[in-house]
1. Carbon and sulfur: what percent of the chain's accessible surface (1.4 Å probe)?
2. What net charge is computed for the residues neighbouring residue 229, neighbours being all others with C-beta under 13 Å from the C-beta of residue 229, Lys and Arg scored +1, Asp and Glu -1?
3. Rounded, prolate or oblate: pick one for the stretch 176-237, where a ≥ b ≥ c are the square roots of the eigenvalues of its C-alpha gyration tensor, a/c under 1.5 means rounded, and failing that, prolate if a/b is larger than b/c, else oblate.
4. Sorted by mean Cβ packing within 10 Å, highest first, what order do the peptides 33-39, 63-69, 102-108 take?
5. With labels modelled as points extended 7 Å from the Cα through the Cβ direction, what inter-label distance (nm, one decimal) is found for residue 16 paired with residue 136?
6. Rounded to the nearest whole Å³, what is the per residue volume of the convex hull around the Cα atoms of the chain?
7. For residue 89 paired with residue 71, estimate the spin-label separation in nm (one decimal), with each label point 7 Å from Cα along the Cα-to-Cβ line.
8. Treating only the Cβ of Lys, Arg, Asp and Glu as charged (+1, +1, -1, -1), what charge dipole size does the chain show about its Cα centre? Round to the nearest 20 debye.
Amino acid sequence: MRKPIIAANWKMHKTNKEAQLFIREFKPLIQENKEVDVVLCVPFTQLSTVAEELSGTSIALGAQNMYPREQGAFTGEISPEMLLELGVQYVILGHSERREIFGETDEFIREKIGKALEVGLIPILCVGESLEEKEQGLTQEKCRKQILKGLEGLDAQEVEKIVVAYEPIWAIGTGKNASPQDAEDTISYIRSTLIELFGEEIGQKVRIQYGGSVKPNNIKELMAKSNIDGALVGGASLEPVSFAQIVNYGE
Ligand code: 13P
């Protein structure tokens, strides 16, 4: 059985003060929930504050990116070691906003995945198609390529630890979520690709999230699908009550 994992992606939102207020309100709302792994992926500048606020809870800390080198002349970048030092456990890699706005390639993302695994961070690898690709019937092909290239050359023991997030680009921030059945179909296809590449056992172990306009009113139906193991939540994770409602979807 795969334990559900629901992660917040705050993107470029909140000051430290706002993050602190969020967590103080959020913690008691989910403290009874032992069924779901909860991760907060916050901006770099909030990591220390959030780590402190989360200490003693089972909520995990995540980052939204990293540069795949230990140190060096990389102005403006953050290394995996710097994240580890702050207590970060998860790192989102290959988000479509990084791919589209910052030109990140599958090869670069693969490099980051390898480096994250090497130091013991758990990558949340994001894949998903654009509206144009969806309309051309290329959803599976796009996800397959991103999985193949993003995980190329890794061995099964490494892949077992990662989380995959299927986020159709057209569903991000638009209020148009993929229907639970469409999300399930694509996620089940992604799982079959993982099985083909790394074997049945590993493919069945990897947790695959859905992301794209997840809200308190659609989470339950998404989570009812057998291959959907969680959610990566943008907008609705910015507010403690709505994110808690998502985490507590099973109540
Ligand atoms: P929204 O939930 O705002 O659509 O964002 C999804 C996302 O990009 C999470 O990584």
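The values are calculated or read from the model by the stated rules, or taken from the named source; none is laboratory data. Everything quoted here is computed from the prediction, not taken from an experiment. No Cβ is skipped: glycine too gets one built from the backbone with ideal geometry, and neighbour counts run over all protein chains shown. For the accessible areas, the whole protein counts, side chains as well, though only heavy atoms, and no ligand, DNA or RNA atoms are used. Shrake-Rupley method; radii C 1.70, N 1.55, O 1.52, S 1.80 Å.
1. 50
2. Numbers: positive: 2, 3, 191, 205, 207, 225; negative: 35, 37, 184.
Cβ neighbours under 13 Å give a net charge of +3.
3. On the way: a/c = 2.52, a/b = 2.16, b/c = 1.17.
Prolate shape, in that a/c is at least 1.5 and a/b is the bigger ratio.
4. Packing order, densest peptide first, comes out as 63-69, 33-39, 102-108.
5. 4.7
6. Normalising the Cα hull of the chain by residue number yields 119 Å³.
7. 2.8
8. Here the chain has a charge dipole of around 420 debye.
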